[in-house]
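Encoded as structure tokens, the structure appears first; notes follow it.
The values are calculated or read from the model by the stated rules, or taken from the named source; none is laboratory data. From a predicted model like this one, the values you see are computed outputs, not experimental measurements. Backbone-built Cβ (ideal geometry, glycine too); neighbour counts: all protein chains shown. The accessibility values were calculated without ligands, DNA or RNA, using every heavy atom of the protein model including side chains. Shrake-Rupley method; radii C 1.70, N 1.55, O 1.52, S 1.80 Å.
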Amino acid sequence: MHQESNSASGAASSLAKLPLYSSLLSGLIVLIAAVLSAQQSPSTDTIGAAPVQIDRPRPNYLFPDGRSYVYSAEWHLITAGIGEVRMDVAGSERKVTATAESSGAVNVIFPVRDRFESRFDPRTFCSLSIFKHSEEGAHKRETSIQFDYARKKSTLDEKNLKTGETKHVENDLAGCATDVITGFYYLQSLPLQPGAQYEFPISDGKTTIVHATVEKREVIKVPAGTFPSVMVTAEATSGPLQSKGKVWVWYSEDATHTPVQMRVKLGWGTLLFRLQRIEK
């Protein structure tokens, strides 16, 4: 037991020193969704030379309203944190809320408390806004992003909650884009037949084009149960996430397309997200 404790402490210490750690722990929300969103389809727009688009949800797609997916984030066989993603009706819009918290030895060395909220138009899957509250180690900040499709611009406002420093940035935007959180569900709405490929734009202030392929069928066992699934691989092909890593996502092979397991590979290592439970 003493040896295991030292090992976990060492792993946590190494993880805490990695510059991408916070994004990855929150990754259940952002990295997952961001790199992972590479599995969606697009809308009538051109970013660079390649036309990409976001597809409207299929007529029989049932939004998982009032349902929360709870995941563990594992690194080197230790649980680094817990993440939760949930969708709710918000008037004529849909709201997606995601939270990430560090745990165990990692929480002692590098505590993380993040909350993300995204709103999108359920008729088109076009993202409308993002809000982030991040507490990662000594860093605390809030970020707001608004999508203005009439002007084809996204506007980012950020405030450092410790120093009071602010930032205001505008970037080009596709005629319809998803975001790193809503993309989590956009993928879920697609047919996901083995051999299918998807390409679409996502935006987190800057636009990234992602490409996803439905690779194969597999049976996946996680704490939430055993699921016949389809495995999807996703990578960014342009934009700020290009060459930053690769994601594998296993969606249950039923009408819900529940994301039951995700693996994120980056230059320094791999994170595994496993579905612990579904809450309603």
Of the residues Pro64, Pro59, which single one is surrounded by fewer than 17 Cβ atoms within 10 Å (Cβ to Cβ) and within 23 Å of His257 (Cβ to Cβ)? Pro59
Pro191 being modelled with pLDDT of 85 or more, within 28 Å of Leu173 (Cα to Cα) and surrounded by fewer than 15 Cβ atoms within 10 Å (Cβ to Cβ): yes
Would you please name the residue that is farthest from Pro111 (Cα to Cα), looking only at residues in segment 55-77 that are touching a residue at least 40 places away in the same chain (Cβ under 8 Å) and of a type in the set (D, E, K, R)? Arg58
Residues of segment 195-232 being open to solvent by less than 50 Å² (accessible area, probe 1.4 Å) and farther than 25 Å from Ile130 by Cα, which ones? Ala196, Thr213, Val214, Ile220, Val222, Ala224, Gly225, Phe227, Ser229, Val230, Met231, Val232
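Name the single residue, out of those in segment 119-132 being in contact with a Phe, Trp or Tyr (Cβ under 8 Å, 6 or more places away or on another chain) and on the phi < 0 side of the Ramachandran plot, that is most open to solvent (accessible area, probe 1.4 Å).
Phe131
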Return the residues of segment 50-102 that are under 27 Å from Glu135 (Cβ atoms), assigned to a loop (DSSP other than H, G, I, E, B) and among the aliphatic types (A, V, I, L, M); say none if nothing qualifies. Leu77
Val180 is checked against (1) touching a Ser or Thr at 6+ places or on another chain (Cβ under 9 Å); (2) modelled with pLDDT of 95 or more and fails just one. What number does that condition carry? (2)
Quick one: in segment 68-118, of everything that is within 16 Å of the chain's Cα centre (by Cα), open to solvent by 40 Å² or more (accessible area, probe 1.4 Å) and modelled with pLDDT of 95 or more, which residue is nearest to Arg274 (Cα to Cα)? Arg86
Can you tell me how many residues in segment 145-188 are of a type in the set (D, E, K, R), touching a residue at least 24 places away in the same chain (Cβ under 8 Å) and surrounded by fewer than 13 Cβ atoms within 10 Å (Cβ to Cβ)? 3
For segment 103-121, name all the residues that are touching a Ser or Thr at 6+ places or on another chain (Cβ under 6 Å) and assigned to a strand (DSSP E or B). Val112, Asp114, Arg115, Glu117, Ser118, Arg119, Phe120
